[in-house]
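See structure below.
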Amino acid sequence: LEFASTRVLKLDQVVQHTKDTLFEKFVDAEPLHKVKMIAFSPKHGAPTPLLRKLATKFRRDISMARVLYKPSEAAYWQSTFQVNSAPAMVLIKDGEPPLVIHGSLGRVELQRILEANQFAMLPTLHALNAPSLGCALGAIYGGTMNKQARVCGAAVLIGRHQSPTSEQAKNRLRSIFGKLSDSKEASGGTAALLASGVASGRLSVAWVDGGVHTSFCAAHVSREIATKLCAPARRRNKKKKNNNSNNNDNKDGNKESDETALVFIQVNPSMQPLPGYKSRWISERSLGSEERVQDWMYTALNDAHLEVTHKAPPALVALSTVPWRDTIKKRMREWIQDLVETAQNVAMDGIMPLVMNMMPLFTLFIMFILPTFLSGNRAGQAAPEEPQQPRRTARMRRTGAQSSQPAAPAETTVPGKQTRAAGHVSASSSGAVLRNGEPVAQVASMSCDARRKKGYLVTLLTGLDGVTEEEEKAHFMIYTEVATRFLKDEAVHFVWVNVKHQPTWKELAVEAEAGKEASVLVWHKSREQYIVVRFSDTNGLMNQIETLLDGSQKAWIHAEMPELK
């Protein structure tokens with residue numbers, strides 16, 4: 001599933017964060033104009049294909065991340081986002097309180113919520129999202145016009161990034177548009193008429209940074225204001241002549257950042273063919289109250305004689321959502337994938353005709369020659385059947401007795417080891433369990449075949465932080481000794497995983513606190529729950545596994561077994 005989502009469907013990955021990395025590497029690191037979505041999950045696991053598909057579809061306007069919800073961190077998430085359970089979803093928009101939704105969501109409902117919250121209440125206008133921001137901006141930048149709307153308008157605030165005055169103006173415009181979107185608050189007079197325009201899509205709002213979108217800014221304000229509002233941000237010289245020059249520069253910078261302008265764009269195809277439109281602007285500070293801003297917007301929307309006529313809209317800057325280095329790396333990976341696919345297609349085009357030509361001969365071989373050969377081999381080499389080993393009982397497991405094995409010699413030497421006492425069990429570098437120098441069991445590394453085995457799966461985690469090499473060898477010796485006692489028991493299997501090469505397993509080890517003392521993870525037959533078994537010697541580990549096989553263990557922890565990388 002992971003291979004199909006990444007290699008075949010090429011879906012975007014949704015990175016999982018913790019409370020220590022969420023703000024530093026996601027909320028604060030993502031572009032300010034994008035909506036941030038955080039999906040809280042109650043258990044480990046890879047992101048679902050639905051989440052990755054939606055992350056790919058909305059990648060231009062919404063950034064997505066995952067968080068594993070732990071009961072020990074409930075107070076932190078409650079105070080930060082008012083999240084008190086999982087699954088849950090949090091949507092963060094610029095200048096607005098977080099939107100929290102608890103419970104599981106289906107595909108249709110989740111997509112509907114993301115479409116409704118694709119943009120902030122006061123979205124940042126740029127080249128990529130302009131066709132989606134309302135009727136007017138969509139008409140002049142996308143070339144499409146709502147046939148039912150005769151006149152469309154858009155109020156665009158032009159300011160400077162992180163300017164106190166611009167932030168005040170943005171908050172005022174958010175408040176106005178929020179009230180117009182709520183039919184209960186927009187009642188009577190100009191507000192009710194504007195609210196109907198918002199509901200029908202004829203009226204929209206946005207804001208731009210004049211220092212970034214200089215062409216758009218200069219085309220809609222006077223030349224005098226444009227010199228301050230539309231100039232790119234100044235680069236400070238490293239060497240200053242004196243302190244007075246520093247103060248003067250700072251004052252100039254403050255004057256630049258304090259300018260704000262409100263531009264109204266009116267689109268009327270019957271009077272001005274697309275992509276032409278008319279506009280009017282005013283200093284936002286001169287309007288003052290919200291009521292005056294609403295009156296000015298209503299007048300501009302219905303005035304057929306606005307002052308400025310534009311034949312075409314000015315260019316907007318495409319705010320990149322992906323750093324250019326990552327874009328180059330992604331394109332390089334795509335080129336390599338295309339090259340590999342091309343090589344595979346060429347190979348298949350050359351091999352498949354040969355295989356099809358050889359198919360009749362291969363069929364004849366299977367039907368006539370192979371059965372004759374196998375029957376003759378069985379008749380000439382009939383081997384005596386080995387006596388069937390009796391099923392090992394719980395008593396045999398505890399004592400390690402094997403009824404069919406001969407008595408062990410007094411001493412034996414394991415290659416590469418010192419002389420051991422009779423009956424001593426050791427482990428080779430390959431993971432084989434040795435008794436008196438003879439292999440009697442194999443503790444294999446975790447694999448897909450091991451995951452599919454029936455019965456309980458006892459997993460030893462190696463490569464843990466804080467565990468010395470001597471301690472790890474001692475744990476492995478105890479673990480392999482217990483594995484030999486259950487050699488004939490099909491109800492339990494023994495494997496090991498090196499967490500240094502498996503990040504998802506390492507996260508599980510940290511959550512289970514597997515590095516504090518000698519311990520193993522015993523996975524249920526369903527592979528959807530596990531328990532942590534602590535041990536100090538062979539008998540202690542054996543007794544706990546015996547208790548589990550007898551059905552006395554009930555304290556299971558629900559979690560899916562991590563995938564192997």
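Take the conditions (1) at pLDDT 90 or above; (2) crowded, with 16+ Cβ neighbours inside 10 Å; (3) within 16 Å of the chain's Cα centre (by Cα); residue 47 misses just one of them, which is (1). Cβ separations smaller than 6 Å between residues 6+ apart or across chains give the following pairs from the range 497-508 residues that are within 13 Å of residue 467 (Cα to Cα) and open to solvent by less than 40 Å² (accessible area, probe 1.4 Å) to residues that are aromatic (Phe, Trp, Tyr) and at pLDDT 80 or above: 499/505. Screening the candidates 143, 153 for the property of being buried (at least 16 other Cβ atoms within 10 Å of the Cβ) and either farther than 26 Å from residue 226 by Cα or not hydroxyl-bearing (Ser, Thr, Tyr) (or both) yields one hit, 153.
Of all the numbered requirements in (1) within 17 Å of the chain's Cα centre (by Cα); (2) over 20 Å from residue 16 (Cβ atoms); (3) polar (S, T, N, Q), residue 63 misses one, and that requirement is (2).
Taking residue 56 as the residue in question, decide whether it is surrounded by 14 or more Cβ atoms within 10 Å (Cβ to Cβ), closer than 22 Å to residue 11 by Cβ and among the hydroxyl-bearing types (Ser, Thr, Tyr). Criteria met by residue 56.
For the range 509-565, the tally of residues that are assigned to a loop (DSSP other than H, G, I, E, B) and open to solvent by 40 Å² or more (accessible area, probe 1.4 Å) stands at 20.
Within the range 265-293, the set of residues being in a helix (DSSP H, G or I) and not β-branched (Val, Ile, Thr) comprises 284, 285, 286, 287, 290, 291, 292. Within the range 77-101, track down each residue that is in contact with a helix residue (DSSP H, G or I) (Cβ under 7 Å, 6 or more places away or on another chain), closer than 25 Å to residue 171 by Cβ and buried (at least 19 other Cβ atoms within 10 Å of the Cβ). Those that are in contact with a helix residue (DSSP H, G or I) (Cβ under 7 Å, 6 or more places away or on another chain), closer than 25 Å to residue 171 by Cβ and buried (at least 19 other Cβ atoms within 10 Å of the Cβ): 90, 92. Reported count of residues in the range 258-281, each being modelled with pLDDT of 90 or more and open to solvent by 40 Å² or more (accessible area, probe 1.4 Å), is 1.
Of everything in the range 496-533 that's among the β-branched types (Val, Ile, Thr) and over 18 Å from residue 556 (Cβ atoms), which residue is nearest to the chain's Cα centre (by Cα)?
Filtering the range 496-533 for residues that are among the β-branched types (Val, Ile, Thr) and over 18 Å from residue 556 (Cβ atoms), the one nearest to the chain's Cα centre (by Cα) comes out as 504.
Residue count for the range 484-496 under the criterion of being of a type in the set (A, V, I, L, M, F, W, C) and either open to solvent by 10 Å² or more (accessible area, probe 1.4 Å) or within 15 Å of residue 467 (Cβ to Cβ) (or both): the result is 4.
The values are calculated or read from the model by the stated rules, or taken from the named source; none is laboratory data. What you see is a predicted model, and the numbers here were worked out from it, not measured in a lab. Using ideal geometry, Cβ is built from the backbone for each residue, glycine included, and neighbour counts are taken over all protein chains shown. These accessible areas exclude ligands, DNA and RNA; they are computed on the full protein's heavy atoms, side chains included. Shrake-Rupley method; radii C 1.70, N 1.55, O 1.52, S 1.80 Å.
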